[in-house]
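What follows draws every value from the coordinates through simple rules; no lab data is involved. All figures in this text were calculated on a predicted structure; none of them were measured in a lab. Note that we place each Cβ from the backbone using ideal geometry, even for glycine, and neighbour counts take in every protein chain shown.
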Amino acid sequence: MPQDTVNPIPAREELIRDAVIRLAGNSQDGIQSIGGFLARLAGRSAQEVMTYMTIPATISGGPSIFQVRMGTGEVLSAGDEADFLLAFYQHSYDNHIGFLKEGGVLLYDSDHVKPEDSEHRFVLVGVPISALTVEALGGSSREKGKNLFALGLLARIFKLDVAKLRAIFKERFGGKSEDVLRNVNLAFDAGFSYPIDNVLDRYFSFQAEEQGDGPQQVTMDGNTALTLGLIAGGVRHGAGYPITPWSTIMEMLRQQLPQYGGVFVQAEDELAAVSMAIGFSYAGRLAVTGSSGPGISLKMEALGWATMAEIPLVVVNIQRGGPSTGLPTNVEQSDLLQAIHGSHGDCPRVVLAAENVEDCFYIAREACELARKYSVPVFVLSDMSLASRIEAFDEPDLDTLMVEPTLDTEDRPENFKPYDLERITRHAPPGSWVEGGVFPQVTGLEHDESGHPSANPQMHAKMMKKRRAKIQQIAAELPASQVFGDTEGEVLVVGWGSTWGPIRETVIRERDRGRKIGHLQIRYINPLPNDLEGIFARFDKVLVVEMNDEGLYGYGQLAMLLRARYCNPAIRSLNKTDGLTFKIKEIMQGIEAISPFPTATL
Amino acid sequence: MSTASPTPPKAERGVLTKKGLQADHPTWCPGCGDFAVLAAYYKTLEKLDLPQQNIVTLAGIGCSSRFPYFVNTHGGHFIHGRSLPFASGVSLGRDDLHVFVFGGDGDGFSIGGNHLDHAGRKNFRMTYVIMDNFVYGLTKKQTSPTSPQGFKSKTDPWGVFDRPTNPMRKLLSSGATFVARTHATQIKHMMEMYERAAKHDGFSVIEVLSECVEFNKGAFDAGNPRKGGAFEIIDEAVHDVTDMAAALALAEEPWPGKFGVYYQSVEPTKNKLESDLVQATREKVGHRSDKELLSKTFASMR
């Protein structure tokens, strides 16, 4: 076994803050695994990490990439361009070389890739990855393991902590046969001991970051964080139907909930899934349902019932490209208006949007709290990019965050009314005795305070107000909105959901070059916080950045809402629907378009 | 419905009476078969004498689905066609409850037809009563999935073309573990079917022929001796209720067919299977607290 440390060698060592490494191959090559290993390693090394993955919509196979940005300091986006490109195939090279920045390193499998002869913009490093992997593993493996060979190369180039990597291999593969773990190490070692310094004159080291006393970091993707947030929030029941990219949440809930005494049901369809979840909640077990794209559309009637009957419920929408079947494996933020208004009738409910992977945990937990407290359906909006992206973040403090579910079947007093006009509805689930022996009804018909149907026009107006007023009360109780950067000035960049990272990075860069710019990410979409009007007024322009269409009138979905509410002509819109996350330069251009840089030279 | 779990002592809450079970006065048309269905439900509940607070009466949409408002138990009036998944959540979430679902032929065989197949297959512990009148009554006489060919409705004024659903064949093929058929004019038989369904540990479903006097008058006279018809009860000394092939053969008999229990079998309920899974899993994780379990999951992601 080779030594786990790099021998002193004459090659230059370069200290870097962060590196964007794009791994391009086919989906069955295990490049997601390398990405996952790098992400976990970064998480354990007090480095920041963010990953970005594309998976083909085909069942198996097809080009696929995994991108890791790791480094010291806060990593906010997956990166506009790559410092390193690892290309396994000619198509990987052809499709992704344009993403490599000038002077960047192209690491390629010389058994499959032939770069153009005239290519001088990049550092070209060819390694016969396929042949050497087969050789290392004894020739019978048909190139399986070349992802680990490549990881060995990267470990060498970036002076990664090999002992920690080996520990991760052991956790991942140790449960399988010894052969598997041995082959993993063999392939890795072959890559690690490859004399890369013959072809690459540099090594890279991440700048040392002071290891704080803060909490341990954990590394996971957004769907995992969201699932754990639901569990921390006290959800033990739910139902769903498979659809990308929601499915991994239902899979994890199905597997996790039994140990907590709960159950998750794979229902026959989306309508059954939402109905079953509502049934759990009505029975006093706060439940979750969720889906993506078409599945959310199918749930809308039942969600209207939950608003009308005032049933607590958490609804997760991992957005993808629409309309219809749309772009099932691409990112888009085009379900915002549906989340707010998607059911028929005036149907107020709560809509929250997660900013990043860490926030998927916190927002899911908060959704449970709001659903319970206000007896209302709460939407959690995430998206394709957050679903599969891996990030490291501080381990949450469960001592303060964990909510143990309770079933409230205490006796109710004689005057108990499920839809009391004087207070927020708190249902008596079945099993509760009501003094006087008159039991409550829950219904989707307009009803009186006892839950019995009422077509009385005044009662309809009163009940409508009751359902609206509790949402307005939430707005009054929201924490103050936090503006990052300048709190007054040229442009306030407003976003919601996963655009948080690219916007934050853009604003940092713009401020670094002297612009007075702020960033506000709105987590509470419905109701909106009450303090936005004053914040907007302190900026010359408000630029709302969204991954959705500019619509018939030139404004994205949130921009349209904000303009409608505040009648502020300074509110502008920056939209795109190319199925990809925002690049920093795209947002910078958007800012430039509405508020040119004073020196006129960009 | 639940027979597996202990229910709280009911003595202190008193004995169930018809008066105690009545709620709003039914809004059905005078003479509607649904009145009898409701009356038989009261009587069955009185007889079963379950703790009142643990009875749940649920429904979808339709004339018959107004049912919960007329019964003084915990009740829910859900959306069209989805009462079964809604009730499944209630049943699976709470093993201590006795879940009864009422609905019509539109709810059960048309808009909610798919749910019937899966509720049956998964064998949720509950009782489902389909009040079949062969017509859409609430919306005033459109064709229903059980309307016979030739029936003149507002959507088929020249007579229905489409072949009707065979309710018993559909219920049997769903995988329901208790399938019975009765007639709203035969109170005693209806009560017997309810009681047996309620005591069945699994998904029990009953088709009740319940006449719509407004839009389909006389439709079920052939099954009513008082109207010159024949109410032929299945002789269980001859018909083996565990024999699916025999049950399917009964389902193919010409109108008005036979009444009684077509099929009954003992299969583990979804409720039991999930609850066993929980027990086994809790055992495996050493009955750790929720916080310890979640902390462990986070620790594995360090």
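Could you work out the relative contact order of chain A, using alpha carbon pairs under 8 angstrom and six or more residues apart, expressed as a whole percent?
Reported as a whole number, the value is 12 percent.
What is the Cα centroid distance between the stretch B:99-142 and the stretch A:323-347, reported in whole angstrom?
Each part reduced to its Cα centre gives a spacing of 30 Å.
Taking Cα centroids, how far is the stretch A:93-131 from the stretch A:479-557 in Å?
39 Å
What are the membrane-span-like helices in chain A by this rule: whole DSSP H runs, Cα extent along the axis at least 24 Å, mean Kyte-Doolittle hydropathy at least 1.6? Display every interim value, and only then the final one.
Details: long enough: A:293-309 (25 Å, 0.51); A:357-374 (26 Å, -0.21); A:457-477 (30 Å, -1.02).
Result, helices passing both filters: zero.
Rounded to whole Hz and in sequence order, give me ³J(HN,Hα) for the stretch B:101-111 from the Karplus expression 6.51 cos²θ - 1.76 cosθ + 1.60, θ = phi - 60°, writing x for Gly and Pro.
For the stretch B:101-111, the Karplus-derived couplings read 10, 10, x, x, 6, x, 4, x, 9, 9, 5 Hz, x marking Gly and Pro.
Antiparallel as a % of all DSSP beta bridges within the protein assembly as shown, to the nearest 5?
Once the DSSP bridges in the protein assembly as shown are tallied, antiparallel ones form about 30 percent.
Skipping prolines and chain starts, which residues have an amide H placed within reach, meaning under 5 Å, of the one on A:Gly261, given they are 5 or more residues away or on another chain?
none
May I ask you to derive the relative contact order of chain B, considering only C-alpha pairs under 8 Å and at least 6 residues apart, and to give it as an integer percent?
Dividing the mean separation by the residue count of chain B yields 17 percent.
Specify the angular offset, from 0 to 90 degrees and rounded to the nearest 10, of the alpha carbon long axis of helix B:113-122 from the longest principal axis of the alpha carbons in chain B.
On a 0 to 90 degree scale, this one is about 50.
Tabulate in residue order the Karplus-calculated ³J(HN,Hα) for the stretch A:257-266, using 6.51 cos²θ - 1.76 cosθ + 1.60 with θ = phi - 60°, rounded to whole Hz; enter x for Gly and Pro.
These are the phi-based 3J(HN,Hα) values: 4, x, 5, 8, x, x, 8, 10, 10, 7 Hz.
Taking every residue in B:277-283, how many Cβ atoms of other protein chains lie within 10 Å of its Cβ, on average?
Taking all residues of B:277-283 together, the mean is 4.
As I understand it, the value is the acute angle between the Cα axis of helix B:34-48 and the longest principal axis of the Cα atoms of chain B; what does it come to in degrees, rounded to 10?
So the inclination is approximately 40 degrees.
Between A:Asp346 and B:Arg163, what is the label-to-label distance in nm when each label sits 7 Å out along the Cα-to-Cβ direction?
5.0 nm
Counting only other chains, and only Cβ atoms inside 10 Å, what mean value do you get across the residues of B:47-59? Intermediate values should be presented prior to the final figure.
Values: counts 0, 0, 0, 0, 2, 4, 12, 5, 3, 7, 3, 4, 1.
Per residue, the average neighbour count from other chains is 3.
Would you mind checking which residues have amide H under 5 Å from A:Lys541's amide H? H placed 1.01 Å from N; only 5 or more apart, or other chain.
Amide H neighbours of A:Lys541: A:Val491, A:Leu492.
I'd like the projected area of the stretch A:219-401, averaged over all directions, using the convex hull of its alpha carbons. Report it in nm² with one decimal.
Numbers: hull surface 36.8 nm².
That works out to 9.2 nm², a quarter of the Cα hull's surface.
Give me the mean projected area, in nm² to one decimal, of the convex hull enclosing the Cα positions of chain A.
For the Cα atoms of chain A, the hull's average projected area reads 30.3 nm².
Identify the chymotrypsin sites (Phe, Trp or Tyr not before Pro) of the stretch B:137-236 meeting these criteria: DSSP loop state and at most 15 other C-beta atoms within 10 Å of the C-beta.
Of the chymotrypsin sites (Phe, Trp or Tyr not before Pro), the ones in loops of the stretch B:137-236 whose Cβ has at most 15 other Cβ atoms within 10 Å are B:Trp158, B:Phe161.
To the nearest µm²/s, what D does Stokes-Einstein give for the stretch A:509-583 at 10 °C and 1.306 mPa s, using the Kirkwood radius over alpha carbon pairs as Rh?
D = 118 µm²/s.
Can you give the average number of partner chain beta-carbon atoms within 10 Å of each beta-carbon in peptide A:226-232, as a whole number?
2
Treating chain B as a set of equal point scatterers at the Cα positions, no solvent, please give the Debye-formula log₁₀ I(q)/I(0) at q = 0.08, 0.10, 0.11, 0.14 Å⁻¹.
So the normalised log intensities work out to -0.37, -0.56, -0.66, -1.02.
Angle check, please: helix B:290-299 long axis (alpha carbons) against the longest principal axis of chain B (alpha carbons), in degrees 0 to 90, nearest 10.
70 degrees
With the Cα gyration tensor of the stretch B:188-242 in hand, convert its eigenvalues to equivalent ellipsoid semi-axes via √(5λ) and list them largest first in whole Å.
25, 16, 9
Residue by residue through the stretch A:17-28, what is 3J(HN,Hα) from phi via Karplus (6.51 cos²θ - 1.76 cosθ + 1.60, θ = phi - 60°)? Round to whole Hz and write x for glycine and proline.
7, 7, 9, 9, 10, 9, 9, 10, x, 10, 5, 8
Within chain A, which is the longest segment containing none of the GluC sites (Glu not before Pro) that sit in a DSSP loop and have at most 13 other Cβ atoms within 10 Å?
The answer is A:211-409.
Exactly which GluC sites (Glu not before Pro) in the stretch B:216-302 are in a DSSP loop and have at most 16 other Cβ atoms within 10 Å?
Sparse-neighbourhood loop GluC sites (Glu not before Pro): B:Glu232, B:Glu236, B:Glu252.
In µm²/s, what is D for the stretch B:64-213 at 20 °C and 1.002 mPa s, where D = kT/(6 pi eta Rh) by Stokes-Einstein and Rh is the Kirkwood radius from Cα pairs?
Working: Rh = 15.6 Å.
It diffuses with D of about 137 µm²/s by this estimate.
Could you identify which residue out of B:Thr143, B:Thr155, B:Thr185 has the top mean-square fluctuation in a GNM of chain B using Cα springs shorter than 10 Å?
Greatest mean-square fluctuation among the candidates belongs to B:Thr155.
Please build a GNM for chain B, connecting alpha carbons under 10 Å apart, and tell me which residue among B:His200, B:His287, B:His74 fluctuates the most.
Of B:His200, B:His287, B:His74, the Gaussian network model singles out B:His287 as fluctuating most.
Please build a GNM for chain B, connecting alpha carbons under 10 Å apart, and tell me which residue among B:Lys227, B:Lys291, B:Lys188 fluctuates the most.
In the Gaussian network model the winner is B:Lys291.
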